[in-house]
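Novice: So that we are looking at the same thing, I have put the structure below in structure tokens.
The values are calculated or read from the model by the stated rules, or taken from the named source; none is laboratory data. Since we're looking at a predicted model, the values are computed, not measured. Backbone-built Cβ (ideal geometry, glycine too); neighbour counts: all protein chains shown. Calculation scope for accessible area: heavy atoms of the full protein, side chains included, ligands and nucleic acids excluded. Shrake-Rupley method; radii C 1.70, N 1.55, O 1.52, S 1.80 Å.
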Amino acid sequence: MAGAPSQFGRRGAGSPSQPARPYAAQSASSALLVATQWNRPSKEPSLKDLPPLDRDDDWAMPTSSRVVASGAAGPKPNLMTMLFSSRGRVCRRDYWTFNIVITMSAVLAILAVAVSLPAEQALLVAAPIALVSARIRSCLRIKRWHDRDKSAVWVLVGLVPFVGWVWSFLECGLAQGTPGPNRYGPSPI
């Protein structure tokens, strides 16, 4: 009965004649992926897919990490990562550029909605616009604090009236980021 299909349509589940699990299924992180995609064709990982190793060092660092360790700037993130992710760092130029563009776009969109729609409908349309704008600006602020080599908790300084606003403006808007890589990633381009 080892080769007979089970009630779930898979043959030989748990039988000794079943071949060994592929390499990808042996790690805990990929076990769920393999378990949920058992009926889909998958590409088995090969040695060609792994990044090249630096054999000069005794601990063999991948090529992508060598760029970060050397102090060079990392790859430029795409627009969605830049706007909606709170990981990584952002330089002052990009921080100001994206903040100004997003704020002006949101203000113009909310004004256009307020002029063209009745009050209740305008509120329903303007609320998501304001929330998306706030999300983008908070992610940019977090990345700017990361560029200063400070935790994202420092965003809460902006909640303190006047003193917090000035402190946040000076740190995020005017101060230069830490040179080279820090614990939050490579130096922004």
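Novice: Kindly check whether there is at least one residue in the stretch 169-179 that is open to solvent by less than 40 Å² (accessible area, probe 1.4 Å), not polar (S, T, N, Q) and not in a helix (DSSP H, G or I).
Specialist: yes
Novice: Now, a different point. Those residues that are among the aromatic types (Phe, Trp, Tyr) and within 15 Å of residue 90 (Cβ to Cβ), I need them from the stretch 134-176; list them, please.
Specialist: Those that are among the aromatic types (Phe, Trp, Tyr) and within 15 Å of residue 90 (Cβ to Cβ): 145, 154.
Novice: Right, something else. Filter the stretch 117-168 down to residues that are of a type in the set (Lys, Arg) and more than 24 Å from residue 106 (Cα to Cα), then give me how many there are.
Specialist: Count: 2.
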